[in-house]
Structures are given as C-alpha cells and as structure tokens.
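Every number in this text was worked out from the coordinates using simple rules, so none of it is lab data. Predicted model, so just to flag it, every value in this text is computed and none were measured. Here Cβ is always computed from backbone atoms with ideal geometry, including for glycine, and neighbour counts include all displayed protein chains.
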Amino acid sequence: MWLRFLWRRLVQLIPVLIGVSFIVFLTMHLTPGDPVEHMLGQAGRVTQEQVEELRAYYGLDRPFAVQYWMFLSHAATGNLGISYSHHGRPVASIIGGRFPATLELTLFAFLLALLLALPAGVIASLRPQGTFDRIATVKALIGISLPGFWLGIVLMIVFGLRLHWLPISGRIALGMAPDQITGLHGIDALLTGNGPALRSALQHLLLPGLVLAAPMAAMVMRMLRSSMIGVLQQDYVQFARAKGLPETTVVGKHALRNALIPTVNIVALQTGLLLSGNMIIETVFQYPGLGKLAVDAIGAADYPLVQAVVLIYAVSYVLLNLGADIVQVALDPTVRPG
Amino acid sequence: MLQVLADDQLVATSSATPPGMLRVLSRNRMAMAAALVIAGFLVMAALAPALAPHDPNQQHPEAIRLPPAWERGGAEAFLLGTDSLGRDLLSRIIYGARVSIMLGVAVVLLTLVVGTALGMLAGYFGGPLDAVASRLVDVLLAFPFLIFALAIMAATGPNLGALVLALAFKGWVDFYRVVRGDVLSARGAAYVIAARGLGASTPHILFREILPNVVPPIIVVATLRMATIIIAEASLSFLGIGVPPSIPAWGTMVSDGRADIAAAWWIATFPGLAILLLVLSVNLFGEGLRDALDPRMSL
C-alpha cells in the first residue's frame, strides 16, 4: 500500500517537472540578450566565424525544440550544461560548490523557525486571548508583514554596525573554514571538534537565518495555535482530562499529535518559500549560496546556470510537498495511503 | 451532501454577504484602525504633489545625507533627512506610496479577473478544461515565483508593464483555487438546481446565481494578495529590477540606502517602515474581513 502510494506520487511529479523545465527554458530563450555576445563582449575583437563557432559549440544554432530536448535529456543524466559566465565550468560543479552553503542556511532557518513557532503556538493555544497569546499573535502578524530585505538591513545596522556583536556578510571568518566533510561549515566544525570555526559559522548564520525564518515562524505558529485551539475543545481531550491524565500528557501527547497534522502542510509550504527567500537574503548578506548565484547568473544572462538553479529549486519544492504528504499520512491514521 | 448543506448554511448567515461582512467588520477595532491607516496612505498617494514638501527627484547638493530633523545636524526643511544625492526622504516616501498602491491594485485586479473566470469555468464545467487548468496550477505551484519574476525583469529591464505581468504570473492561482472549490460545491446546491429547473440559462446561473456567492471570499483573497504583491514589488525594486529608477519607489529607496548604512542609517530605514506599516495594515484589514466572513477560516 505504501509502495503504491509512493510510486503514484512519484509518477505524478514527472509532468510537473517537465512543465516547470519548459517554462524556464522558454523564458530564458525569449530573453533578448544573446549569451555569446555577452561572453565575447569583453574579449575585444572577434570575427563572425568565432561567434558562429561558439554558438554552435553551445548548441545555440539549433531549433528551439532540439535545444529543449537536448537540455532535458542531458539534465536527466545529471549533465546540466556548461556555464557561460564562470569560465566555461560545468553548471553541475558550480551548483555543487554553492549548494552546501544554501542547504546550511535553509536548514538553520528551518530549525530556528520551528524552535520559535512550536512552543509559541502551543503556549498561545492554552489560553486564547491571554497575554502571551496576544503578544505572540501581534508578533506573528508583524513577522508576515516585514519585508525581508529591509529587516536584514536593520539587523545589520543594529547588531553589526552599532553593537558590533555579529558579522554582516559572508559565511565564515576569513581563513577559518573547517576541513570539508559535508560542506556544511557548522557540521564540519562539529565533526572535527573545531570550536572557533563552529562559533564563526553560527555567528554568520544567525542574522540571515533569523530574517529567513521570520515569516515561516509566524505562519507555522498561527497554524499550530489555531489547530491546537480546535483540538483542545474536542471530546476525547476532555475525556483524557477527566480520566485524570496530567495536563502535560493531555496537551503534549493527545492534542499536539492531532494539531500537528494540518501544521505539517504549512511547514512544507513555508519551507518552499524559504527557498525563494534565499535569493533576497543571500543577496542582502552577501552569502555565497545558490540564491545569490541565481541573482548573479540572471544579471550575466547565463541561461544554463539559471535554468539549472530554477530546476533545482522546483525539484526541492516538489519533493518537500511529497515529504509533507508522507508525514501527514503517517501522523493521521484516518488518511490511508492509496 | 454534507458539503452542500454546509455551504448553503454559510451563504445563509448574515456575515457571508458584503453588507453583513461590513457590519461584523465594523466591530473589529484593529481592522478599523488598519482601515484608517490604509485610507491615510491612499490620501497620501492621491495628494502627493500637495503634501510633499519637495520635488521627490530634486537633488539638494548642499544637503547630502542630512540626518532627520530631530537628530544633531538635521534641518527643519528635511523632516526625515536626505539621501546620498540630497533628495528629501519624506517627499520620496510620500510619492513612493503611488507606485506601490497602483501596482498592487493593477496586479490584484488582473489576477482576480483571470483567476475568477478560470475558476468558475473549471468548477462549473469540469471535464478536460478543469483537468488542464488544474495541471497548470500544479506546475505553477511548484515554481519559485521570485526567480521567474527575476528572469522576466532581467530580460526586459525595469519597466512597469513587465512588472505587472511578472507579479501576476502566479497570483491568479489563489483566486482560481478558492473560486473553483466554491463553484464546485455550488453546482449541486439547492438554489442552483432550482434555477436550472426554472429554465435559467448557463450564463445566468454562473453570473447571477453563483458569482454573488463567491464575492466575499474573493474580496478576502484580494486583500491578502495585495499585501504579498506590495512586498514582492518592493523586493524586485530592491534588487534593481522592479520599478524604473526614475520613479520613487520604497524598495529602490531601501536599496539606495544599503551602501550608506554605516554613515546614514535613516536612508534605508524610513522607506522600509512605510512598507511595513502599509503591509501590516492591509494584512490586519484582510484578516478582519476573513473573520467577518467566516470565523472558522481564521488562523
């Protein structure tokens, strides 16, 4: 039953991914800037033959459908093409180099958001309209309404420039990167027992992580709060109380488990938004990850790189939603996989 | 059957009609305060030439990076200070309201019309149209919106028409989903079956019977979308690929101030505060509307 459910969901992903890749490819194709002109712009005098040769090398002289097919069939084997702007490096290797940075930031923001949202949502639901609930609700609404790029700048001014508590850009202090194992500086530092590197990595993650986490923390907190309020009024919760179970068991075990079911969906959706948030936040904090790579690649008309990054974002997004569905089915015995 | 019953009851309650919504809303103090702030921004945008103390693009070479009036070195003439070109921040913020509100309204209207039309057709007729539209929605939902907007804007350069399209690209999906769901359940509702039995034409049923009942949720979605669009527009302008630089826009102003945060904190800070205040008010008002429409929907 589980296998069939997984299989069906995976098959459903295929048309979605083909659609996404087609839209991306089409958009990139319609953009007026010719990448070869971009590349040769700095090269000085070039002959028409050299231009044609380069266009042929990148397959730009083929018809649109052929180019798209080449892109798809290569992508399926992990070959994402050759970057126009990074001295002809393969796109896959550029992305591989940046991916750990974004993964680390996203994971950090994800954990931070849940760490803020889960306790706040539960506590707020215990006394709706109480002091804690009111403060948390207002904070959540502000969290949703804050433009991330501005919050980043304000935090940089306060904690970086005024108080000098935290660095305002980059991933780790110069020359402090730990030996590479996973590529995630924080985890590598932990594994190698490198205390100063761990400290530096966390200091660099804190501000961008917080800005990235703010809207997610707000949305998750609100969802959990409202579903907890609903669940706490249910008969079976009253019954658990009447049985004389301690309140912590009633709230933590009976109520929370059911309140988490709708929350999982919001968590997945918001994690997807963390991915787009990356682009802005990494640009603000000059954080060397995929988001900044995408923004830079668009500026340089580097089609293969943009296509590949968008595709990676879309795949992660779709897989996240699949993951959420699986967790939901696992949590909720009334929903059967099928 | 249960679904149909629930929807009929929803339609029957007083708050699910626009006047009923307003009555409940008027008792929500936070939402009313938010409405006042929004009205203030609207007045500011409409009367910008009369309210702004200076021309927003005029450079004052004698007053570059002047701090706000209450800080040491500030001047009465430039209440919120000036930027690195000596332009008055207050005047630029007042004018900046225009492009934020205009783009927000334009994008929301466009996505509302497209999403509602498609949602009604897909919900009412079902079949291949519904299948195609719903697949398209799946694809769009899997799409990181911002990167697509970035790609379009990078290709066309900062210009308002492309900006509206880039922002509208995915926004209609929210309207589509709400409307399709509501129409789908209305299709079997007693009042629609009755209208059909009386010989009403399909356009009559769609526009005169069903549409009025999906107006309240559409208003709620439109308000909450507005908040998202304002932030998205400001984000693109911040990256330098949104509103053209000749038009004062809040996102552009924050970006202008980014290089100066060490020497002149106010340049990036105040325009961002304007965004926060407007978006917060729109969100508060939208949630008030949603609570008034149906308290069960509230988060």
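Of the residues B:Met120, B:Met253, B:Met32, the one that moves most in a GNM of chain B with alpha-carbon contacts below 10 Å is B:Met32. Against chain A, whose longest principal axis comes from its Cα atoms, helix A:303-331 is set at around 20 degrees.
In this rough spin-label picture, where each label sits 7 Å from Cα along the Cβ direction, the A:Ala65-B:Phe125 distance is 2.8 nm. Stretching the chain fully between A:Leu202 and A:Asn79 yields a gain of 40.9 nm (0.36 nm per residue, less the alpha carbon separation).
Highest mobility in the GNM of chain B, judged by mean-square fluctuation with C-alpha springs under 10 Å and restricted to B:Asp130, B:Asp83, B:Asp138, is found for B:Asp138.
Can you give the Rg/Rh ratio of the stretch B:133-184, where Rg is from the C-alpha atoms and Rh is the Kirkwood radius?
Working: Rg = 12.9 Å, Rh = 12.0 Å.
Rg/Rh for the stretch B:133-184 comes to 1.07.
Which shape class applies to the protein assembly as shown: rounded if a/c is under 1.5, otherwise prolate when a/b exceeds b/c and oblate if not, where a ≥ b ≥ c are the square roots of the Cα gyration tensor eigenvalues? Rounded, because the longest to shortest axis ratio a/c is under 1.5.
Each label point was placed 7 Å from the Cα along the Cα-to-Cβ direction; for A:Leu6 and A:Leu174 their separation is 4.9 nm.
Checking the a/c ratio against 1.5 first, then a/b against b/c, what shape does the Cα gyration tensor give for the stretch A:42-105? The shape class here is oblate. Note on A:Arg162/B:Leu22: beta-carbon distance plugged into 1/(1 + (r/R0)^6) with R0 of 56 Å gives a FRET efficiency of 0.75.
Once the other residues with Cβ under 15 Å from the Cβ of B:Phe270 are scored (Lys, Arg +1; Asp, Glu -1), what is the net sum?
Charge balance near B:Phe270 sits at -1.
Under 14 Å from the 7 Å Cα→Cβ point of A:Leu191, by amide nitrogen: which residues of the stretch A:96-113? It comes to A:100-101, A:104, nothing else. Give the angle, between 0 and 90 degrees and rounded to the nearest 10, that separates the Cα long axis of helix A:290-299 from the longest principal axis of the Cα atoms of chain A. Around 40 degrees separate the two axes.
In the distance distribution for chain A, Cα-Cα pairs more than 36 Å apart total 35 percent.
Between the stretch A:176-197 and the stretch B:113-184, how far is it from one alpha carbon centroid to the other, in angstrom? With the stretch A:176-197 and the stretch B:113-184 each reduced to a Cα centre, they are spaced 44 Å.
Annotation for B:Ala33 and B:Leu198: the two label points, set 7 Å from Cα along the Cα-Cβ direction, are 4.6 nm apart.
Here r is the Cβ-Cβ distance between A:Gln238 and B:Asp260 and R0 is 51 Å; the resulting FRET efficiency, rounded to 0.05, is 0.30. Relative to the longest principal axis of the Cα atoms of chain B, the long axis of helix B:89-125 makes an angle of roughly 20 degrees. Over the stretch B:87-168, Cα pairs under 8 Å with separation of 6+ residues give a relative contact order of 33 percent. A straight line joining the Cα centroids of the stretch A:66-142 and the stretch B:13-92 runs 34 Å. GNM on chain B, alpha-carbon springs under 10 angstrom: the most fluctuating residue among B:Pro271, B:Pro245, B:Pro216 is B:Pro245. Once the chain from A:Leu26 to A:Asp296 is taken as fully extended at 0.36 nm per residue, the excess over their C-alpha distance is 95.2 nm.
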